[in-house]
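Data block below; observations after.
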Amino acid sequence: MTKVISKLYPTYDRAAQAVRELETAGVPHKDISIVSNNSDSWYSDSGTTKRVDRDRDGVDDRAEGAGAGAGIGAGIGGAAGLLAGLGLLAIPGVGPVVAAGWLVATAAGAAAGAAAGGIVGALTQAGVSDEDAQVYAEGVRRGGTLVTARVNDSDATRLEALLDRSSLRTSDVRRSYDKSGWKGFDPNAKPYSADEVRQYRSTWQ
């Protein structure tokens, strides 16, 4: 029996590190997915990332993080693994995303059929509760990155703990959304702007 585990991360680099850890733990690439908001165009059409200098020190942040294994470039530049297959996709209510993995095809199909905005439909179809799927979809809409993996039941607890190390706590995220009057993911909502995405990420980091 398999189980689907999903975790939300405030930034792509933290999610990419989680993906690499899953791969190291033996989870096949075909059973992992990543969906990351690209409203600020950090990932370009050519499959490369743009210069990232959030701390304005004149040095690309990805180069600084690569030594610690957490740089954006470290994942995209790899010759193997899920992250080498990243591509661009537009999801209703979310906007432009960078994504790879099995969930992407399901989400694209759900989006084409107008099934709950793509991500929600794909997650619930895979067995994720509607309540959590709504939070995950909204999290990606606002600027987050979602990692989802299909794992053996016997490994689920161990692998979920691995993902928990740098992920956002779903209950905390839901509580924050609820306080702002959020009622659920709306596939017809206007995607977040680049500035709104940056604000979201800085709040949760």
Residues being part of a loop (DSSP other than H, G, I, E, B), at pLDDT 90 or above and surrounded by fewer than 19 Cβ atoms within 10 Å (Cβ to Cβ) - total across region 1-52: 5
Number of positions in region 163-177 that are among the small types (Gly, Ala, Ser), surrounded by 11 or more Cβ atoms within 10 Å (Cβ to Cβ) and over 12 Å from residue 203 (Cβ atoms): 2
Positions within region 87-131 being more than 26 Å from residue 156 (Cβ to Cβ), outside any strand (DSSP E or B), aliphatic (A, V, I, L, M) and at pLDDT 75 or above, in sequence order: 94
Neighbours by Cβ (under 6 Å, 6+ apart or cross-chain): first from region 1-18, more than 16 Å from residue 31 (Cβ to Cβ) and among the aromatic types (Phe, Trp, Tyr); second assigned to a helix (DSSP H, G or I) and modelled with pLDDT of 95 or more: 9/15
Sole exception among (1) assigned to a strand (DSSP E or B); (2) within 17 Å of residue 93 (Cβ to Cβ) for residue 200, by number: (1)
Odd one out for residue 160 among (1) closer than 26 Å to residue 2 by Cα; (2) touching a helix residue (DSSP H, G or I) at 6+ places or on another chain (Cβ under 9 Å): (2)
Output for region 179-197, where each listed residue is part of a helix (DSSP H, G or I), under 22 Å from residue 119 (Cα atoms) and among the charged types (D, E, K, R): 196
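The values are calculated or read from the model by the stated rules, or taken from the named source; none is laboratory data. Note that the structure is a prediction, hence the values are computed from the model and not measured. Positions of Cβ are backbone-derived with ideal geometry, glycine not excepted, and every protein chain shown enters the neighbour counts.
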